[in-house]
Each structure stands twice: as C-alpha cells, then as structure tokens.
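> Please find one structure pasted underneath; my questions will follow.
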C-alpha cells in the first residue's frame with residue numbers, strides 16, 4: 001500500500017500512486033454556486049418566477065507530483081541555510097541532485113517542480129544569467145547590423161528629394177524615434193541624424209511650399225495703421241512660418257499666471273514670441289505704437305489696430321522675444337503634431353492642429 005503524501009497543489013493527502021514515487025492527487029474539490037431555478041410554488045400561485053438555489057459542484061484535483069521515497073517522519077530542511085525548520089516535510093525537492101525534504105512553507109513550485117529555497121535561488125540566478133546571455137547576443141547582432149542600418153538611413157536622407165518623399169521620411173523617422181525612446185526624443189544612434197532631419201525639413205519647405213497660416217515680418221519704424229496698410233518701406237521682410245502655441249506659467253507674488261507662448265518656425269529658425277494672451281492697447285488720446293524688429297502675423301495681414309471696449313487694440317500681431325536655430329525636435333513635432341492658426345483680437349483662438357502637407361499645383 002502506498003504511503004500517503006501531501007499534494008503541493010491543494011494541500012490534501014493522497015495515496016494514489018501511479019508510478020514509482022509518482023502520485024496523482026484524487027482529492028475531490030467541492031464548492032457551491034448559486035443558480036436560479038423555477039419556483040414551483042410561485043407557478044402554482046399564478047406568479048411564475050425563479051428562486052435562488054445552492055448547487056453543489058466538484059472536480060478532482062488531478063495534480064501530478066513526484067516524491068523521492070520521503071520518510072513520513074522526515075523534518076523539513078528546505079531553508080536557505082539548510083537548517084531544519086521543525087515542521088514535518090510534505091514533499092521532496094526536485095532540484096538537480098537535491099532530494100531535500102521540504103514543508104509547505106519552504107517548498108516553492110517553479111517550472112513544474114517542487115524546489116527548496118536553495119534550489120529556488122539557483123534557478124532564479126540561472127534564469128537571470130540566461131537572460132543576460134540572450135541580451136548580449138542580441139546586442140552583438142544589432143551591433144553587427146548597425147553600420148548597414150546607418151548607411152541605409154543616411155542614404156534615405158540624402159537621396160530623397162520630392163516633397164511627399166521628404167515628408168514621409170520625416171514622419172517615419174519620428175515614429176521610429178518615439179517607438180525606441182518614448183518621450184526622450186534623441187539618444188544613442190539617433191543623435192547623428194539631428195542635422196540631417198533639419199536639412200530634410202529645409203529642403204521640404206523649399207520643394208513642397210506647404211500651406212501656412214502665419215508669416216514672419218521684419219519691421220522698421222512701422223507706424224501701426226487702422227486699415228492694415230503701413231508706411232511704404234516699413235516692412236523689410238515677409239517670410240512664411242508655421243506656428244505652435246505652447247503653454248507657459250510664471251509665479252508673481254505667490255500667484256501662478258498661465259499664458260501661451262507662440263513659436264513660429266521657418267525653414268531654418270524658431271522665433272519665440274511673447275505671451276499670446278496679452279495684446280498691446282492704448283486710449284483714444286494716445287497714438288498707435290511704432291514697431292521695430294520681428295513680428296508674427298497672420299498670412300497676408302500687416303499689423304493693425306481696432307477699437308474695442310473704449311480702447312485701441314493691436315491685434316493679429318505677436319512681437320518676437322528671441323530666436324534660435326530650428327532643431328530636430330522642432331521638426332519632428334511639426335511633421336507629427338502639425339501647426340495651428342491663431343488670432344489674438346480677443347486672446348488666442350486656436351483652431352486645432354492642422355497637418356503640414358505639400359501644396360498641390
């Protein structure tokens with residue numbers, strides 16, 4: 001007659017030996033479910049309905065486990081320090097060349113077998129070493145492939161010339177950067193493509209002539225008129241640009257003031273405007289300002305003023321605070337997020353983001 005053993009799965013005792021030191025737990029696991037059944041009394045009363053009833057359900061555990069001729073009186077020695085824990089063993093460690101008796105507390109099921117704490121530690125270390133080796137091999141494979149991938153990417157940046165091709169290249173590259181690095185846009189090998197991304201954007205602007213909602217003006221002694229027509233010669237440059245509105249905040253006397261900073265992008269530079277929530281105003285007894293420097297305006301519009309609420313307001317015009325060269329992050333943001341159309345007659349009025357597309361002729 002087989003010796004009773006404790007099932008590591010359900011904790012029940014079983015003597016159902018199916019082989020040499022191999023057991024198949026035949027313990028019946030019972031539980032109760034609540035089901036709805038027709039209520040005969042309600043049917044007799046003429047009000048058919050259901051009533052809850054507890055139904056007994058069961059299944060056989062069926063867990064298959066092995067032991068190594070464990071002594072029923074053996075004490076667990078499955079602790080990490082190999083000291084007896086004082087509890088009778090419920091199974092045998094199935095680690096390689098181990099066979100240590102273990103109790104339910106110090107025996108751990110791993111990889112389909114019962115292990116003591118020492119074998120569990122060795123198994124975890126072996127898995128970590130295997131993962132490290134897999135990562136090393138993958139890194140070596142990627143390193144061998146890296147020169148070929150870099151050559152292909154450099155070729156795409158240098159050989160693509162059509163507007164659609166340049167825009168598709170930039171968007172594909174933006175998705176690749178985001179997939180590899182998430183919100184951190186440039187790391188590792190992508191650093192070397194920064195200049196090529198900016199160059200591809202400049203070539204796209206020249207070749208694609210994408211639609212734009214704003215322009216960058218350079219003004220010299222421009223006396224702001226009411227009808228939108230300044231003194232001849234006051235506008236020395238008009239260049240198309242693409243605008244994005246970014247939220248800003250600053251603390252003044254303990255209060256947090258939020259605003260919107262317009263950034264205008266051209267083929268080569270980013271022009272950072274002052275707070276788009278603000279607009280210059282003056283009374284009817286004062287004259288309009290004289291503008292000098294760079295200003296962001298709506299396409300085809302010159303700086304002008306309008307009367308509102310008893311004051312004269314400068315609108316459709318944002319002064320540029322400073323400028324910097326456009327960078328790769330700017331380009332990828334433009335080709336993925338798009339640009340915005342704004343009006344500041346009564347504050348910023350974003351119309352949502354519009355995709356940058358080459359103009360069709």
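The values are calculated or read from the model by the stated rules, or taken from the named source; none is laboratory data. Because the structure is a prediction, the values reported are computed rather than measured. Quick reminder, even Gly has a Cβ in these numbers, built from the backbone with ideal geometry, and neighbours come from all protein chains shown.
> Surrounded by 13 or more Cβ atoms within 10 Å (Cβ to Cβ), at pLDDT below 75 and under 37 Å from the mean Cα position of the chain (by Cα): does that describe residue 267? Full working, then the answer.
Working: surrounded by 13 or more Cβ atoms within 10 Å (Cβ to Cβ): yes; at pLDDT below 75: no; under 37 Å from the mean Cα position of the chain (by Cα): yes.
For residue 267, the condition - surrounded by 13 or more Cβ atoms within 10 Å (Cβ to Cβ), at pLDDT below 75 and under 37 Å from the mean Cα position of the chain (by Cα) - is not met.
> Considering each of 254, 300 in turn, give the residue that is touching a residue at least 12 places away in the same chain (Cβ under 8 Å), in the same structural domain as residue 223 (by TED's automatic domain parsing) and out of contact with any strand residue (DSSP E or B) (no Cβ under 7 Å at 6 or more places or on another chain).
Values: 254 fails: touching a residue at least 12 places away in the same chain (Cβ under 8 Å).
Result of the check over 254, 300: 300.
Let's see how each residue does on (1) modelled with pLDDT of 85 or more; (2) closer than 30 Å to residue 312 by Cβ; (3) part of a loop (DSSP other than H, G, I, E, B):
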| residue | (1), (2), (3) |
| --- | --- |
| 161 | no, no, yes |
| 168 | yes, no, no |
| 175 | no, no, no |
| 186 | no, no, yes |
| 199 | yes, no, no |
| 218 | yes, yes, no |
| 228 | no, yes, yes |
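> How many of the residues in the range 105-133 are surrounded by fewer than 17 Cβ atoms within 10 Å (Cβ to Cβ) and part of a loop (DSSP other than H, G, I, E, B)?
Number satisfying all stated conditions: 3.
> Provide a single number: the residues in the range 310-328 that are under 30 Å from residue 176 (Cβ atoms) and either free of Cβ contacts under 8 Å to residues at least 24 places away in the same chain or touching a strand residue (DSSP E or B) at 6+ places or on another chain (Cβ under 8 Å) (or both). I'd like the intermediate steps shown before the answer.
Taking the range 310-328 as the starting set, the residues that turn out to be under 30 Å from residue 176 (Cβ atoms) are 323-328.
Adding the requirement that they be either free of Cβ contacts under 8 Å to residues at least 24 places away in the same chain or touching a strand residue (DSSP E or B) at 6+ places or on another chain (Cβ under 8 Å) (or both) leaves 323-327.
Qualifying residue count for the region: 5.
> If a residue must be part of a loop (DSSP other than H, G, I, E, B) and modelled with pLDDT of 70 or more, how many such residues does the range 284-299 contain?
Step one: filter the range 284-299 for residues part of a loop (DSSP other than H, G, I, E, B), giving 284-289, 299.
From what's left, modelled with pLDDT of 70 or more: 287-289, 299.
Residues that pass the stated criteria total 4.
> Another question, then. Has the range 14-24 got any residue that is assigned to a loop (DSSP other than H, G, I, E, B) and either surrounded by 12 or more Cβ atoms within 10 Å (Cβ to Cβ) or outside the structural domain of residue 115 (by TED's automatic domain parsing) (or both)? Don't jump to the end; show me each part of the working.
So the first thing to find is which residues in the range 14-24 are assigned to a loop (DSSP other than H, G, I, E, B), and the list is 15-16, 20-21.
Then keep just the ones that are either surrounded by 12 or more Cβ atoms within 10 Å (Cβ to Cβ) or outside the structural domain of residue 115 (by TED's automatic domain parsing) (or both); that gives 16, 21.
Yes, the range 14-24 contains a residue that is assigned to a loop (DSSP other than H, G, I, E, B) and either surrounded by 12 or more Cβ atoms within 10 Å (Cβ to Cβ) or outside the structural domain of residue 115 (by TED's automatic domain parsing) (or both).
> Can you tell me how many residues in the range 66-98 are modelled with pLDDT under 80, surrounded by 15 or more Cβ atoms within 10 Å (Cβ to Cβ) and part of a loop (DSSP other than H, G, I, E, B)?
3
> Right, next: Condition (residue is outside the structural domain of residue 201 (by TED's automatic domain parsing) and at pLDDT below 85) applied to the range 126-135: is it met by at least one residue? Before you say what the answer is, go through the steps one by one.
Taking the range 126-135 and keeping what is outside the structural domain of residue 201 (by TED's automatic domain parsing), we get 126-135.
Now drop any that are not at pLDDT below 85, which leaves 134-135.
Within the range 126-135, one or more residues are outside the structural domain of residue 201 (by TED's automatic domain parsing) and at pLDDT below 85.
> I'm checking my understanding of the structure. Among residues of the range 315-348 that are modelled with pLDDT under 75 and over 15 Å from residue 263 (Cα atoms), which one is surrounded by the fewest Cβ atoms within 10 Å (Cβ to Cβ)?
Residues of the range 315-348 that are modelled with pLDDT under 75, as a first pass: 315-316, 342-348.
Among the residues that remain, those that are also over 15 Å from residue 263 (Cα atoms) are: 315, 345-347.
Numbers: 315: 21, 345: 12, 346: 10, 347: 13.
Taking the candidates together, the pick is 346.
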